[in-house]
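Report on one structure; see the data block that follows.
The values are calculated or read from the model by the stated rules, or taken from the named source; none is laboratory data. Here the structure is a predicted model, which means the values were calculated and not measured. No Cβ is skipped: glycine too gets one built from the backbone with ideal geometry, and neighbour counts run over all protein chains shown. Please note that ligands, DNA and RNA were not included when accessible areas were found on the heavy atoms of the full protein model with its side chains. Shrake-Rupley method; radii C 1.70, N 1.55, O 1.52, S 1.80 Å.
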Amino acid sequence: MPQPNPYRRLFAVPGARAFTAGNLMARLPMGMFSVSAVVMIAGTRGSYALAGAVTATGLAATALVAPWIARLVDRYGQARIAVPATLLAVLGSLALELCVRGGAPDWTLFAAYAATATTPNTGGMSRARWSHLLQGDPAALHTANSFEQAADELCFMLGPVLAAFLCGTFFPEAGTLAGAVLLVTGILVFAAQRATEPPPRPRTAAGSSPLRAPGVAPLLVCCLALGAVFGATEVVTIAFAEARGHAAAAGVVLALQAAGSCAAGLAFGALRPTGPAARRHPWSVAAMTVLLTLPLFAAAVAGSLPLLAGALLVAGVATAPTMVTTMALVQERTPEGRLNEGMTLAVTGLLGGIACGSAAGGWVTDHVSPQAGYGIPVLAAGTALLISLTAVRGASRETPGPQTPGADAPDPETPASDTLGAETPGPQTPASDTLGAETPGPQTPGPETPGPQTPSSETPGPDTPGPARPAPAESRTPH
């Protein structure tokens, strides 16, 4: 009997189609704003250096503000925080347009674009909804994470193309205006779907900071290295295409890499991966490292732009499985009630890596050659692989499984007296219920033997509260 399409099952969840439509509409402008800002500022002020500095300032502001916005989303709810945060960000975009159009001093451009840092992490909020709706169904959650990664690739592939088209066809500010309209409309549609929204987690109910959770810090460092792959590849590819006299084709070449990742993400979501995500992660990063040698070979040996485009298409196939597995690990290790914050920290790591990779790729391109610049993505991916093999996978041996509501509750078949830390006042408890628990009082010499034991003087008396006894070993084993 053929298995049902996993994506059909996914979107049969009540409310899933509505919040996904709004989220995709709000996510598309994420790939439009930076390109629109560069075109608008460079076209009006005649300085690509100024345009690059303004967008870099916005990136730095986002790295600082985004985790704080995500923490508020977790604490007070998506609709309550995302809508005003989006409106504030859109005001920053409109202020940037007015400053550029009105010839305001350069410092006003930096201030206006920094205000856009309050834009909420739309992809993280969507993943949080899937995690809330699909509790207890890891196969469906894997499909949802794969779809979200494919959506990311699609938006970052179409966003720059749409922005460049609008700015070039109409007027320099058209891309920013269209992006602002899409963002506000999408967030309003997304926030209106209250039935699928995860419940807010007040400070007293939420877990500790994701940065303190076991295994999260190595993941963020790994995200930093993976971001360097993307940042270096983008800069080096633009420089290589320009050196070959086809600067306008750079966008198409990069879009092919995103297309390969998008297709791989959808295919990966239809599979049923075996084993824990921590075990699969090094294999995904290793495949990414190996495939990234193809663009290096195509640029350094063949020097052909069409061949490079094909190599990037193939190399992109490993991107989505790597990012899906990385985000799955972030979801598993982030404390309950802090999921938006945890995923936003991962995105912040990626953004920081993109900035570092862009700088490194640009330096190698200027001082050596564009061909040599393709060594930076390979080096960054190799670094991510080393981190995954040592810190990320090693941390999984000490990290409990995914945190789900009610995970701390005792098993229904386990007596309440066997619960971890339970105190049992009152009548005598047979020692057979403690499964080897240590109790105060006189000890009888001799080896401990498993199996039923008869009541003895080691058991507290009727007037003595029983000691806190650990749960049976089998109840403490993660499932």
It is to be established whether one or more residues within the range 22-30 are open to solvent by 50 Å² or more (accessible area, probe 1.4 Å), part of a helix (DSSP H, G or I) and over 21 Å from A195 (Cα atoms).
yes
Consider A12 carefully, then state whether it is of a type outside the set (D, E), in a loop (DSSP other than H, G, I, E, B) and open to solvent by 40 Å² or more (accessible area, probe 1.4 Å).
yes
Which of the residues belonging to the range 250-274 are under 30 Å from R8 (Cα atoms), out of contact with any helix residue (DSSP H, G or I) (no Cβ under 7 Å at 6 or more places or on another chain) and part of a helix (DSSP H, G or I)?
A263, A267
Name the one entry in A70, A37, A66, A61 that is of a type in the set (G, A, S), touching an Asp or Glu at 6+ places or on another chain (Cβ under 8 Å), at pLDDT 85 or above and part of a helix (DSSP H, G or I).
A70
Residue in the range 63-117 that is most open to solvent (accessible area, probe 1.4 Å), counting only those that are closer than 20 Å to R127 by Cα and among the aromatic types (F, W, Y):
W68
What are the residues in the range 289-306 that are crowded, with 16+ Cβ neighbours inside 10 Å and either within 23 Å of the chain's Cα centre (by Cα) or farther than 17 Å from V378 by Cα (or both), if any?
T289, L291, L292, L305
Kindly check whether there is at least one residue in the range 117-128 that is closer than 27 Å to G342 by Cβ, touching a Ser or Thr at 6+ places or on another chain (Cβ under 6 Å) and of a type in the set (A, V, I, L, M, F, W, C).
yes
Filter the range 121-138 down to the residues that are open to solvent by less than 40 Å² (accessible area, probe 1.4 Å) and in contact with a Leu (Cβ under 9 Å, 6 or more places away or on another chain), then identify the one that is farthest from P198 (Cα to Cα).
T122
Out of the residues in the range 321-336 that are under 13 Å from W283 (Cα atoms) and not β-branched (V, I, T), state the one that is most open to solvent (accessible area, probe 1.4 Å).
P321
Complete set of residues in the range 171-184 that are more than 18 Å from L158 (Cα to Cα) and either surrounded by fewer than 18 Cβ atoms within 10 Å (Cβ to Cβ) or among the basic types (K, R) (or both)
F171
